[in-house]
1. Are there any pairs with C-beta distances below 9 angstrom linking a residue in region 200-225 that is at positive phi to a residue that is assigned to a loop (DSSP other than H, G, I, E, B), with the two at least 6 apart or on different chains, and if so which?
2. Of everything in region 310-324, what is free of Cβ contacts under 8 Å to residues at least 60 places away in the same chain and assigned to a loop (DSSP other than H, G, I, E, B)? Give them in sequence order.
3. So in region 130-148, with the set limited to residues that are touching a residue at least 40 places away in the same chain (Cβ under 8 Å) and closer than 17 Å to residue 208 by Cα, which one is surrounded by the fewest Cβ atoms within 10 Å (Cβ to Cβ)?
4. Taking region 442-463, which residues are more than 21 Å from residue 179 (Cα to Cα) and touching a strand residue (DSSP E or B) at 6+ places or on another chain (Cβ under 8 Å)?
5. Scan region 312-326 residue by residue and report those that are surrounded by 13 or more Cβ atoms within 10 Å (Cβ to Cβ) and under 26 Å from the mean Cα position of the chain (by Cα).
6. When you scan region 393-500 for strands (runs of 3 or more DSSP E) that lie fully inside it, which ones turn up with 2 or more residues that are crowded, with 22+ Cβ neighbours inside 10 Å and at pLDDT 95 or above?
7. Pick from 371, 380: which is farther than 30 Å from residue 4 by Cα and out of contact with any strand residue (DSSP E or B) (no Cβ under 9 Å at 6 or more places or on another chain)?
8. When you look at residue 79, is it under 29 Å from residue 146 (Cα atoms), touching a residue at least 24 places away in the same chain (Cβ under 8 Å), under 24 Å from the mean Cα position of the chain (by Cα) and not in a strand (DSSP E or B), yes or no?
């Protein structure tokens, strides 16, 4: 019957997933494998590259077994993955040290020192990439390695991201794509690296470590015999370049058209509006991503998304831990409290490294405001749900672009209760696409374009989009949520202005 299927691999911070799709973009099967995140020091986050590669290969093998699909029926695959960080690789394609992840904070002292010497440093970086630079960006990571592990840097011939490392192991091709390259040290306009930024960190001598940049839908190569054996796929299977996880999610959600709003609410909470030109306003705020298809998405990011619910479950509802319906019960407890959570407000900045939106603040932390003796567990849990919904509204308010609906993917999309709340709080409809693995789907669609199933990625997204459900705002709750949002804004301002400096 020929090639009927495409595969997307999605390399996450702690879970790597594989998903199988048919020619219509329907998700047919998924598998996942967990990987350990190492933290040798406080604020350091690393991963063993070989363990990550083994997880990706095992996920592929298990996917093929679960779907009962012949390797010959798979037309192509591609990878999406956690962005930025640094994975040093030698000339013979061997790893030099553990990979450094996107959320790593070891470069804080270095960045503080450089910023003190050059107060306009962060603005200079923003003017090129359109991003408030995170500590885990490749630029500060490489600078830290050059200063603290010069022998590791000397052994390296290239610095890659996680997905690029996996693709190298599958095909032997060393490259990155337009989505990762445009981040520090990158240029959003050129959709490529900006080597001039290395000078700001005094590491211009290491420019040779930046890999070649390819379009995300380009063909990278084919599976080697060894990689085919490891993945359970056929030797010679085409592999596309792929994309970073957020841009791939945008594609998988079918949001590859200017003007579409998209929220990816998983471990992190990213909210953005797609455009056909790079958007640099508001200045020094948010993250601008390039999206395959000559698109961009201006996002505002809260580092902690569903992490807040995970905390609520363990800290407030230990009796629910281990139950298969734990999160459904958590939502039921939240629903027992009225809209507005009885006046309780929750600031959802649950992170060790602070926030980058609505402004850069390393000391931002989470907290409840407005508690009185009459409040119970349901009020606190509802306040957590509402706090995240208010954070989403705050992000879109600051992007300052009109939106008619929000395309929602990630863990939040699995909860009708929470999805409806987001619609009620923002005042715009929320659309949930069919499927569950949107990063993997975005990668798979790039593979489909690479082998000619579609003329371009925008066409692929249009023709494979399917709506699961739509939530329209409930006008009867508008007043309660407007009052709640006002309290939220006051609480956030107090947190950022008065409390955060204590935690820097």
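1. Short answer, once both residue conditions are applied: 221/172; 221/173.
2. 321, 322, 323, 324
3. Step by step, filter region 130-148, then rank; the result is 146.
4. 453
5. 312, 313, 326
6. 406-409, 430-433
7. Just a single option satisfies the conditions, and that option is 371.
8. Criteria not met by residue 79.
The values are calculated or read from the model by the stated rules, or taken from the named source; none is laboratory data. Since this is a predicted model, take the numbers as computed values, not measurements. With ideal geometry, Cβ positions are generated from the backbone for all residues, glycine too; neighbour counts draw on all protein chains shown.
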